[in-house]
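Asks: To start, I am sharing the structure in question, which I have written as structure tokens.
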Amino acid sequence: MKRFYIETFGCQMNVHDSEKVAGTLIARGYRQVDKPEQADLILYNTCSIRDKAEQKVYSRLQQFKRDNRNGRVFAVLGCVAEQEGERIFERAPHVGLVCGSASYNRLPELLARIEDGDRRVTGLGLDAQETFETPVTQRDNPHRASLTIIEGCDKSCAYCVVPATRGPERSRSSQLILTEACELADAGRGEIQLLGQNVNSYRDPSPAAWDFVTLLRRVAQTPGLRRVRFTTSHPRDFVGEIVDAIDENPVLCNHVHLPVQSGSSAVLERMQRLYTRPEYLARIEWIKRARRQIAISTDIIVGFPGETQEEFDQTLSLLDEVGYDSVFSFKYSPRPNTPALALPDQVPEQEKGRRLLVLQERQRAIQIRRNSLLIGRREEVLVEGFNAATGQWIGRTSQNRTLNFTHASLPAPDGRTLVGRYLPVRVTRAGPNSLVGESADLI
Ligand code: SF4
């Protein structure tokens, strides 16, 4: 039996793609191993969103430069594969398979060629019409799962490689999605995350022709599901009915991730984000007017070409105005084949770094304030793990906050675990990135 090892870089879409690639291999009779040294086939599922992520893959490949003995095959999948194509063979001649994510449906055919002895096989191109469907998906987490609803992206944000690496939008049929949601719930996975580059533009290709809100409502009715999340939303396509659906159905988590990228309308225009600051804030208003308290998180890029101090200050003021519960912030990273490469006035690296620190400091204070509001409240968590060093269980709330807590009677010497259970926990303390609490709930 052949053995494979897969390492994943980048976003949740990539992580879930790897679960499907692993399933494809298992369905062909391969066995997954934990160490590259034990494998006949070594796959790197790559990310090119930032230069650093791309370099990491090449440095991994360098480690094994002379190691394709005994017919061992190296494969580069994902965004770097699509972006670099056959150039990868020049930089890393020991690589045998290069396949972009829009070509994953061809993996069984490509693997068959590798097994027949072909030394260089490629699956490239963005003309995909179909989504990546697998007979088996190799999910390691028994309590939570990702579920793709849409692949690719039809937007053209000026800094982003995704349209050039993942291809055009393709939605999966609502029937396939509902069937998979039922299977996951039946297998005991109480929490699922609907995934897509832009979930809001979901369009059911089947005659039912559901939009995203209809799909969301129907998935939330799946018997056995306790929590449904979704990511990522694009502000331009985010509609008020999504907030109504969250209000109506407690299974839908009270958390919305709505990437803004900049607080300046002028920068947003240069980024080709298709909304202005006031339009974005109107959507935030819908979320804040909900009956449930919906946590809001976002992504921000600092130092986009031409970003002035005044434009950066507008991003800082947006942080204050929205009061985000968490922020993922990055320095702008010029990427190949993106329109922003041609923009003048690149912000110096040092200045980008300074702005990032200022922004993160401002947001840290906001998070301390917001998290403190939860002290004394009871929050339901899904228990995800145990930290032996602190003696605390690690839980996640519906609002996607980490809540570390002690339990009145566990850990017990008999090794009983809380992992996978939903428990009420009283919040006793708050930090910038997590909460602390205690649970006396009988189990
Ligand atoms: S919406 Fe913009 S940032 Fe998001 S994947 Fe599409 S092009 Fe990239």
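Asks: On a 24 Å Cα-Cα criterion, which of the cross-link pairs Lys155/Lys288; Lys2/Lys52; Lys56/Lys352; Lys288/Lys352 come out too long? Don't skip to the answer; put the middle values down first.
Replies: Numbers: Lys155/Lys288 27 Å; Lys2/Lys52 32 Å; Lys56/Lys352 22 Å; Lys288/Lys352 31 Å.
Exceeds cut-off: Lys155/Lys288; Lys2/Lys52; Lys288/Lys352.
Asks: Between Ser171, Ser103, Ser317, find the one with the highest GNM mean-square fluctuation for the chain; connect C-alpha pairs within less than 10 Å.
Replies: For the chain, modelled as a Gaussian network with Cα springs under 10 Å, the answer is Ser317.
Asks: Which of the GluC sites (Glu not before Pro) found in the range 1-107 are loop residues per DSSP with 12 or fewer other Cβ atoms within 10 Å of their Cβ? Walk me through the intermediate numbers first.
Replies: Values: sites: Glu7, Glu19, Glu37, Glu54, Glu82, Glu84, Glu86, Glu90; in loops: Glu86.
Those satisfying the criteria are Glu86.
Asks: Oh, and also: What full-extension length gain, to one decimal in nm, is calculated for Glu248 and Val358 as 0.36 nm per residue of separation minus the Cα-Cα distance? Kindly include the intermediate steps, with their values, before the conclusion.
Replies: Working: separation 110, 0.36 × 110 = 39.60 nm, distance 3.84 nm.
Computed gain between Glu248 and Val358 is 35.8 nm.
Asks: Set the Förster radius R0 to 22 Å, insert the Cβ-Cβ distance between Gln350 and Phe330 as r into 1/(1 + (r/R0)^6), and round the FRET efficiency to 0.05.
Replies: Working: r = 16 Å, r/R0 = 0.72.
Computed FRET efficiency for Gln350 and Phe330: 0.90.
Asks: In whole angstrom, note down how far apart the Cα centers of the range 122-184 and the range 376-412 are.
Replies: 32 Å
Asks: Continuing with the same structure: So for the pair Ala187, Glu37, with labels modelled 7 Å out along Cα→Cβ, what separation do we get in nm?
Replies: 3.1 nm
Asks: Loop only per DSSP, at most 15 neighbouring Cβ atoms within 10 Å: give me the trypsin sites (Lys or Arg not before Pro) in the range 230-289, ordered by residue number. Working shown, then result.
Replies: Working: sites: Arg236, Arg270, Arg273, Arg283, Lys288, Arg289; in loops: Arg273, Arg289.
Of the trypsin sites (Lys or Arg not before Pro), the ones in loops of the range 230-289 whose Cβ has at most 15 other Cβ atoms within 10 Å are Arg289.
Asks: Now a separate question. What is the extension gain from Glu90 to Arg426, computed as 0.36 nm multiplied by their sequence separation minus the C-alpha to C-alpha distance, in nm to one decimal? Provide the component values of the computation, followed by the final result.
Replies: Values: separation 336, 0.36 × 336 = 120.96 nm, distance 5.72 nm.
Gain on extension, Glu90 to Arg426, equals 115.2 nm.
Asks: Among DSSP beta bridges lying fully in the chain, give the percent that are antiparallel, nearest 5.
Replies: 30 percent
Asks: Less than 10 Å Cβ to Cβ from Ala266, Lys/Arg counted +1 and Asp/Glu -1: what total charge do the surrounding residues give?
Replies: On the way: positive: Arg270, Arg277; negative: Glu269, Glu307, Glu310, Glu311.
Surrounding charge for Ala266 is -2.
Asks: Please arrange Thr214, Thr231, Thr46 by how many other C-beta atoms lie within 10 Å of their C-beta, fewest to most.
Replies: Working: Thr214 16, Thr231 21, Thr46 29.
Result, fewest neighbours first: Thr214, Thr231, Thr46.
Asks: In nm, to one decimal, how far is the Ile368 label point from the Ser434 one, both placed 7 Å along Cα→Cβ?
Replies: 1.8 nm
Asks: Between Lys52 and Arg378, 0.36 nm times their residue separation minus their Cα-Cα distance comes to what? The partial results should precede the final answer.
Replies: Working: separation 326, 0.36 × 326 = 117.36 nm, distance 4.07 nm.
Net length gain for the segment: 113.3 nm.
Asks: Calculate, for Leu124 and Arg28, the FRET efficiency according to 1/(1 + (r/R0)^6) with r their C-beta to C-beta distance and R0 22 Å; round to the nearest 0.05. Could the numbers behind the result be given before it?
Replies: Values: r = 21 Å, r/R0 = 0.97.
E between Leu124 and Arg28, to the nearest 0.05, is 0.55.
Asks: Another question, if that's okay. Strictly under 4.7 angstrom between C-beta atoms: which cysteines of the chain have no such partner?
Replies: Cys11, Cys47, Cys79, Cys99, Cys153, Cys182, Cys253, each lacking another Cys Cβ under 4.7 Å.
Asks: Sequence-distant or interchain residues sharing an amide H contact under 5 Å with Gly385, placed H: which?
Replies: Sorted by chain and number, the residues that satisfy this are Ile394.
Bear in mind these aren't lab numbers, they're just calculated from the coordinates by the rules spelled out. Only a predicted model underlies this, so the values are computations on that prediction, with no experimental measurement involved. Positions of Cβ are generated from backbone atoms using ideal geometry, with glycine treated the same way; all protein chains shown enter the neighbour counts.
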